[in-house]
Structure formats: structure tokens, C-alpha cells
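Colleague: Before I ask anything, here is the structure I am working with.
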Amino acid sequence: MDGSRLLDNEIRRLFRVRKTLHEMLVDRGYIVVSDDLRMTLEEFSQRFHDAGFARESLTLLKQKRDDPADQIYVFFSQGTEGPKVSVKSLKDTIARMERDGVHRAIMIMSEGLTPSAADAISKLDRYRIEPFLENELLVNITRHVLVPKHEILSKAEKKALLKRYKLKESQLPRVQQRDPVSRYYGLSPGDVVRITRPSETAGRYVTYRLVV
């Protein structure tokens, strides 16, 4: 396969990843302008070309609709010392977050993390970095017909739910934080998610899950 064909395939791949990513940000409550959501492959290709085909040009900084101070970075990362993102690259990312006062980020990678970088991310305290492989975002799994609607409860909604049914948090059914849908929504341990499924008898069936 020649170089131009390889580049064309990479552009198409990144376009699909970027589309899913913007949908993810909207579903998490972040502000995404309509032009980004409607961008065509041709428009993306031209923008990527103008930026010299650098993944770094795809970096995003978004803020929550209901809280502008709540911001998230999105980094399209490549290893600088090998095919995987290393601890050194991770430290550079954290330094940028610290400089800009942003405590949460999504890291999109083509090859993943080195074992030491993965361990470092799991031990972060002040910062949260969510790693995703590009392969995981080629398709938006939440748009699949078999995936029911998920909604994160606010702290007040969670408190009201437990009070209404006279439950302790530990009595709720559970869902793992590493579950693909949990990762898509950026759920944290202690979050409660409302899951709405269609029902032939009741019209819809609502359940709640505690993220662990």
C-alpha cells in the first residue's frame, strides 16, 4: 500500500474517532459547537492537512454547559519514545493540565500505554486521565440499538432515589467503572446511573446501577 493510501486511511480513521469523541462530550454535558458535530470528512481532511497532519492539532479543551469552570482536555497522543505513550509523555500531559488549571483529560492513543504509564495513571490523585485506544472510538457503542439509554444522576437525584426507596447505596445493583458504557460516560465510583429500556408491557423499564 502506497503512502498516500496509508495517509488517506489514517485520516478516515481519525475522522471517525473524532466524531465519536464529540458525541461523547455532548453526552457528558460539555459544550460542542454544531459545526464540529456536522463536520464532513472533506472538511476534516483539509483542516488536518493545513495542520501538517499532526495529531497534536486535534487537541480539544471543552467546558461543561452548566459549569464553565468544569473543563476537560482531549489529547490525541503518540509515544515520543516508542509506539506507546510513556511516563515521560504522561508527565508532559500532566504539566500542561497543571499549567492551565484543568484536572480532567481524555487521552486518545493509537498504540496504548506502556505498563509503567498505565500504572502511573491509575495512581493519579489530583488529576484524572481517561485513556482510550482509537479502535475503541471508531464506533459509538451507545448508538447501538441494543444499548439502553443511560443517565447520570446528580447528587441531589441520587439522595432522593435512596430516600424514596429507603435504600443504602450498597444495596443498589452494580456496574463496573471499566464497563464500556461506563467509560464512555466517564462514570466514577459512587455515581448512580439510570438505565431506561423499552418494555413491551410497560412501555419502558427503568433500573438504577451504582458504579463501582
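Colleague: Do we have Ile121 as part of a helix (DSSP H, G or I) and closer than 22 Å to Pro189 by Cβ here?
Modeller: Working: part of a helix (DSSP H, G or I): yes; closer than 22 Å to Pro189 by Cβ: yes.
When the stated conditions are applied, Ile121 passes them.
Colleague: Further question on the same structure: Determine if segment 181-193 includes at least one residue that is among the polar types (S, T, N, Q) and part of a strand (DSSP E or B).
Modeller: Initially, segment 181-193 is screened for residues among the polar types (S, T, N, Q), giving 182, 188.
If we keep only those that are part of a strand (DSSP E or B) too, we end up with none.
So far as segment 181-193 goes, no, none of its residues is among the polar types (S, T, N, Q) and part of a strand (DSSP E or B).
Colleague: If Pro68 meets every condition in (1) closer than 22 Å to Ile152 by Cβ; (2) surrounded by 11 or more Cβ atoms within 10 Å (Cβ to Cβ) apart from one, which number is that one?
Modeller: All conditions are met except number (2).
Colleague: Those residues that are in contact (Cβ under 8 Å) with a residue 12 or more places away in the chain and part of a loop (DSSP other than H, G, I, E, B), I need them from segment 1-38; list them, please.
Modeller: Those that are in contact (Cβ under 8 Å) with a residue 12 or more places away in the chain and part of a loop (DSSP other than H, G, I, E, B): Arg28, Gly29, Ile31, Val32.
Colleague: Go through segment 103-125 and count every residue that is surrounded by 17 or more Cβ atoms within 10 Å (Cβ to Cβ), over 17 Å from Val74 (Cα atoms) and out of contact with any Lys or Arg (no Cβ under 7 Å at 6 or more places or on another chain).
Modeller: Residues that pass the stated criteria total 2.
Colleague: Which members of segment 91-102 meet the condition of being crowded, with 16+ Cβ neighbours inside 10 Å and part of a loop (DSSP other than H, G, I, E, B)? Before you say what the answer is, go through the steps one by one.
Modeller: In the first step, residues of segment 91-102 are kept if they are crowded, with 16+ Cβ neighbours inside 10 Å; the result is 93-94, 97, 102.
Residue satisfying the conditions is Val102 alone.
Colleague: For segment 194-212, enumerate the residues that are of a type in the set (S, T, N, Q), free of Cβ contacts under 8 Å to residues at least 12 places away in the same chain and not in a loop (DSSP other than H, G, I, E, B). Give the derivation first.
Modeller: So the first thing to find is which residues in segment 194-212 are of a type in the set (S, T, N, Q), and the list is 196, 199, 201, 207.
Imposing the further condition that a residue be free of Cβ contacts under 8 Å to residues at least 12 places away in the same chain reduces the set to 199, 201.
Hit for segment 194-212 is Ser199, nothing else.
Colleague: Restricting attention to segment 136-177, and to residues there that are charged (D, E, K, R) and assigned to a strand (DSSP E or B), which single residue is modelled with the highest pLDDT? Talk me through it step by step, then tell me what you get.
Modeller: Filtering segment 136-177 down to residues charged (D, E, K, R) leaves 136, 143, 149, 151, 155, 157-159, 163-164, 166, 168-169, 174.
In the following step, the residues that additionally are assigned to a strand (DSSP E or B) were identified as 149, 151, 174.
Working: Lys149: 90, Glu151: 93, Arg174: 97.
In this case the residue turns out to be Arg174.
Colleague: Here is a follow-up. If Phe48 satisfies every condition in (1) assigned to a helix (DSSP H, G or I); (2) more than 22 Å from the chain's Cα centre (by Cα); (3) of a type in the set (Phe, Trp, Tyr) but one, which is the exception?
Modeller: (2)
Colleague: Let me ask another. Among the candidates Arg209, Arg128, Arg197, Arg204, single out the residue that is surrounded by 11 or more Cβ atoms within 10 Å (Cβ to Cβ), over 19 Å from Val26 (Cβ atoms) and modelled with pLDDT under 95.
Modeller: Working: Arg209 fails: modelled with pLDDT under 95; Arg128 fails: modelled with pLDDT under 95; Arg204 fails: surrounded by 11 or more Cβ atoms within 10 Å (Cβ to Cβ).
On inspection, the qualifying residue turns out to be Arg197.
Colleague: In this structure, does His49 turn out to be at pLDDT 95 or above and either of a type outside the set (Asp, Glu) or closer than 29 Å to Ser4 by Cα (or both)? So that I can check it myself, show each step before the final result.
Modeller: On the way: at pLDDT 95 or above: no; either of a type outside the set (Asp, Glu) or closer than 29 Å to Ser4 by Cα (or both): yes.
Spelling it out, it is not the case that His49 is at pLDDT 95 or above and either of a type outside the set (Asp, Glu) or closer than 29 Å to Ser4 by Cα (or both).
Colleague: Just name the residue that is modelled with the highest pLDDT out of those in segment 52-105 that are among the small types (Gly, Ala, Ser) and at positive phi. Working first, answer last.
Modeller: Filtering segment 52-105 for residues among the small types (Gly, Ala, Ser) gives 52, 54, 57, 69, 77, 79, 82, 86, 89, 95, 101, 105.
Keeping just the survivors that are at positive phi gives 52, 82, 101.
On the way: Gly52: 90, Gly82: 67, Gly101: 97.
Applying the filter and picking the extreme gives Gly101.
The values are calculated or read from the model by the stated rules, or taken from the named source; none is laboratory data. Predicted model only: the values in this text are computed from it and were never measured. FYI the Cβ positions are ideal-geometry reconstructions off the backbone, even for glycines, and counts take in every protein chain you see.
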